[in-house]
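These notes concern the structure reproduced below.
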Amino acid sequence: MKRAIRIEGKRLGTFKEIQNFLAILDDCYNKAYALDFIIEQVCQQVNINKSERHQRIPRVPRIIKAENIITENDRLTLVKTSFNSPGFWTAIGALNPLETLRKYIQDVHERRKDRDYREAQEKEKNNLDIQEQKIRILRDMGVPEEKIRPLVLMYVIKPREMLAELESKGLLGNAEIVDL
């Protein structure tokens, strides 16, 4: 059984808006996939280093374009749409990045629903999300903070900002993982 992400579309838009909407979803998925890849590579290095006498700081792979490391089977693929009110977009891909994308969308959606800034801050502080756990893995593996900061900016903060922009324009609703 395939797993997919189902994203509620609050409204339709111009061709340009929908093209941008799909491009942002694809980019956010690709960045979540790339962060998983980086963590996997660092963990492999650490496991290899354990057998050596001197521990080396793991090398963080540099990824020029996240889309270049995604296998054909793991690419985000649109499989179903509905343009009723509300409509939805359903796409398949690798489960971990789909779950990360769903979590990003949920966070953006919840922040929008929570008008009270302090309440949103408290929720965010108490809710250690998936990406923060992944960043903690890098720290635990000995990756220096100066290498982690750019990863957080590129693979966590920027995707959330892009999704927040879609939500503020009324194009993005809730998201869930579904079976196909």
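Here's the yes/no breakdown for (1) in a helix (DSSP H, G or I); (2) under 30 Å from residue 60 (Cβ atoms); (3) among the polar types (S, T, N, Q); (4) touching a strand residue (DSSP E or B) at 6+ places or on another chain (Cβ under 9 Å):
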| position | (1), (2), (3), (4) |
| --- | --- |
| 5 | no, yes, no, yes |
| 8 | no, no, no, yes |
| 12 | no, no, no, yes |
| 19 | yes, no, yes, no |
| 24 | yes, yes, no, no |
| 28 | yes, yes, no, no |
| 37 | yes, yes, no, no |
| 46 | yes, yes, no, no |
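Look at region 36-56 and say how many of its residues are at pLDDT 80 or above and over 20 Å from the mean Cα position of the chain (by Cα).
Looking only at that region, the number is 3.
Determine if region 26-35 includes at least one residue that is more than 24 Å from residue 152 (Cβ to Cβ) and either exposed (fewer than 11 other Cβ atoms within 10 Å of the Cβ) or touching a residue at least 60 places away in the same chain (Cβ under 8 Å) (or both).
Checked against the condition, which is being more than 24 Å from residue 152 (Cβ to Cβ) and either exposed (fewer than 11 other Cβ atoms within 10 Å of the Cβ) or touching a residue at least 60 places away in the same chain (Cβ under 8 Å) (or both), region 26-35 yields no hits at all.
In region 48-61, is there at least one residue being in a helix (DSSP H, G or I), over 18 Å from residue 177 (Cα atoms) and of a type outside the set (Lys, Arg)?
Yes: region 48-61 contains one or more residues that are in a helix (DSSP H, G or I), over 18 Å from residue 177 (Cα atoms) and of a type outside the set (Lys, Arg).
Check off (1) buried (at least 17 other Cβ atoms within 10 Å of the Cβ); (2) among the hydrophobic types (A, V, I, L, M, F, W, C); (3) more than 20 Å from the chain's Cα centre (by Cα) for residue 12 and give me the number that stays unchecked.
(1) is the only condition that residue 12 fails.
Hey, does region 156-167 have a residue that's surrounded by fewer than 16 Cβ atoms within 10 Å (Cβ to Cβ), at pLDDT 85 or above and touching a Leu at 6+ places or on another chain (Cβ under 7 Å)?
no
Do the conditions hold for residue 11, that is, is it within 30 Å of residue 139 (Cβ to Cβ), among the basic types (Lys, Arg) and modelled with pLDDT under 95?
Taking the combined requirement at face value, the residue does not satisfy it.
Which of (1) farther than 15 Å from residue 21 by Cβ; (2) loosely packed, with under 14 Cβ neighbours inside 10 Å; (3) free of Cβ contacts under 8 Å to residues at least 60 places away in the same chain does residue 144 not meet, given it meets every other one?
Residue 144 satisfies every listed condition except (3).
For region 119-155: of the residues being touching a helix residue (DSSP H, G or I) at 6+ places or on another chain (Cβ under 9 Å) and polar (S, T, N, Q), which is modelled with the lowest pLDDT?
Once the filter is applied, the top-ranked residue is 127.
The values are calculated or read from the model by the stated rules, or taken from the named source; none is laboratory data. Predicted model, so just to flag it, every value in this text is computed and none were measured. When we count neighbours, we look across all protein chains shown, and the Cβ atoms used for this are built from the backbone with ideal geometry, even at glycine.
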